[in-house]
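**Student:** Provided herewith is a single structure, encoded as structure tokens, for subsequent inquiry.
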Amino acid sequence: MVKPSLKVNLAGISMENPLMNASGILGLTAFSLVRLAEAGCGAVVTKSVGLKPREGNPNPVVVEVAGGLLNSMGLPNPGVEAFKTELKKALKRVRKPVLASIFGFKPEEYGELARRLDRLPLAGFELNLSCPHVEGLRELGSNPKLIRETVRRVKAATSKPVFAKLTPNVSSFVEVAEAAWKGGADGLTAVNTLRGLAIDVEAGKPFLSGVYGGLSGPALKPVALRCVYEAFETVKIPIIGCGGIFSWRDAVEFLLAGASALQVGTAIAYRGLQVFREILEGLKGYLASKGFRSLRELVGQAHRR
Ligand code: RRO
């Protein structure tokens, strides 16, 4: 039997397999990016970085809820200049493509960040247009005009592939997907977390210091799958599926819905880094048992009529 290939070409980025970490999980230090690469990721993504340092919200910033986690980290990051030093270290040691996740509060800020990082040997950029609980960013990411303008600004600042990470917290996912595509995005990441709330009944107030948080994990999966499915029918650029991927079965569902690559976040917190090898082994077994020679043959198959 021919061994199936898990290789992916994602908007020109060559990956040995379709898995990445979801931005925000283990991506702030060179050490953690190296560990992700060694754990089997086909590419790695940094935590979102902005122009200025931010401390993020005070504790508590994460709470377990039914079906996953609710977080309100509040974009903690050292700012682009300090982060560059760490990123340079990572880029020397990580033997896989590295994507930098960037965020801003105006389209120009994203353009400026891409300009400042463009000289590094990064594989590409992921634009965080989708944090559900940081004001300013939330408005930008649900406004199709601003999404389009942001992507356009970044494309003018770099020739590297640009992926727009989108929010599910909109009435029409198709509209935001189309806006990113029309702005010139080379791919989409679908999706960031769902805006939610948890109440501490003992204290009688919201559990998280930031009040609202982003829901991730199994409860997010059907929403994320729906967004990938809708985007696949709308845009002609590759989609990175993200939201509640814990097992190879979840991974297959996202591929069938139209994702060409996959990000794993919350599952790392529950299962540890071995989750990447477990998913990859399962994917190989599934492809072989179905007689597929490559992963590509699977992408979007659920749309066959
Ligand atoms: O840092 C965060 O609170 C955070 C971000 Br930037 C994001 O994009 N999504 C999320 O759930 N949390």
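**Student:** Quick one: of the DSSP bridges fully inside the stretch 81-189, what percent are antiparallel, nearest 5?
**Tutor:** The answer is about 0 percent antiparallel.
**Student:** If you scale each eigenvalue of the Cα gyration tensor by 5 and take the root, what three semi-axes come out for the chain, rounded to whole angstrom and sorted largest first?
**Tutor:** In descending order the semi-axes read 27, 23, 20 Å.
**Student:** Here's a follow-up. Please name which of L256, A224, C131 has its Cα lying farthest along the dipole of the chain towards the positive end, using unit charges on Cβ (Lys, Arg +1; Asp, Glu -1) and the Cα centre as origin.
**Tutor:** About the Cα centre, the residue reaching furthest to the positive side is L256.
**Student:** By a straight-distance test (C-alpha under 21 Å), which lysines pair with K3 as possible cross-link partners, with residues fewer than eight away in the same chain excluded?
**Tutor:** Of all the lysines, those that pass the test against K3 - Cα under 21 Å, at least 8 places apart if same chain - are K284, K290.
**Student:** Also: Whole Å is fine, so just give me how far the alpha carbon centre of the stretch 63-83 lies from that of the stretch 85-122.
**Tutor:** Centre-to-centre (Cα) distance: 18 Å.
**Student:** Next question. With an 8 Å Cα cut-off and a minimum separation of 6 or more residues, compute the relative contact order for the stretch 158-210 in percent.
**Tutor:** Normalised by residue count, the contact order of the stretch 158-210 is 37 percent.
**Student:** Ok, one more. Averaging sequence separations of C-alpha pairs under 8 Å and six or more residues apart, then dividing by the length of the chain, give the relative contact order as a whole percent.
**Tutor:** In percent, rounded to a whole number, it is 20.
**Student:** Moving on. Considering Cα pairs under 8 angstrom that are at least six residues apart, work out the relative contact order of the stretch 1-119 and quote it in whole percent.
**Tutor:** In percent, rounded to a whole number, it is 26.
**Student:** May I ask for the distance between the Cα centers of the stretch 123-195 and the stretch 12-35, given as a whole number of Å?
**Tutor:** The two parts, judged by their Cα centres, are 20 Å apart.
**Student:** Return the single residue from K84, K284, K52 with maximal mean-square fluctuation; model: Gaussian network over the chain, springs between Cα atoms under 10 Å.
**Tutor:** K52
**Student:** Please list, ordered by chain and number, the residues whose modelled amide H lies under 5 Å from the amide H of S101; skip anything fewer than 5 residues away on the same chain.
**Tutor:** Amide H to amide H, under 5 Å and 5 or more residues apart or across chains, S101 pairs with T46, V49, E126.
**Student:** In addition: Return a single number: how many Lys pairs in the stretch 71-205, at a sequence separation of 8 or more or on separate chains, have alpha-carbon atoms below 22 angstrom apart.
**Tutor:** The result is 24.
**Student:** I would also like to ask the following. Give the percent of DSSP beta bridges with both residues in the chain that are antiparallel, rounded to the nearest 5.
**Tutor:** 40
**Student:** With point charges of +1 on the Cβ of Lys and Arg and -1 on the Cβ of Asp and Glu, referenced to the Cα centre of the stretch 1-93, which listed residue (P53, P78, M15) lies farthest in the positive direction of the dipole?
**Tutor:** Value: M15.
**Student:** What's the magnitude of the charge dipole for the stretch 1-146 around its Cα centre, counting Lys and Arg as +1 and Asp and Glu as -1 at the beta-carbon? Answer in Debye, nearest 20.
**Tutor:** About 600 debye.
**Student:** While we're on this one: Counting Lys and Arg as +1 and Asp and Glu as -1, each charge on the Cβ, what is the dipole of the chain about the Cα centre in debye, to the nearest 20?
**Tutor:** 1020
**Student:** Output needed: percent of Cα pairs per 10 Å distance bin for the stretch 89-188, bins running from 0 to the one holding the longest distance.
**Tutor:** All Cα pairs considered, the percentages come to 17, 50, 26, 6, 0.
Quick note: the coordinates plus some simple rules give every number you see, no bench work behind them. Given the structure is predicted, the values throughout are model-derived calculations rather than measurements. Methodologically, a virtual Cβ is constructed for each residue, glycine included, from the backbone with ideal geometry; neighbour enumeration extends over all protein chains shown.
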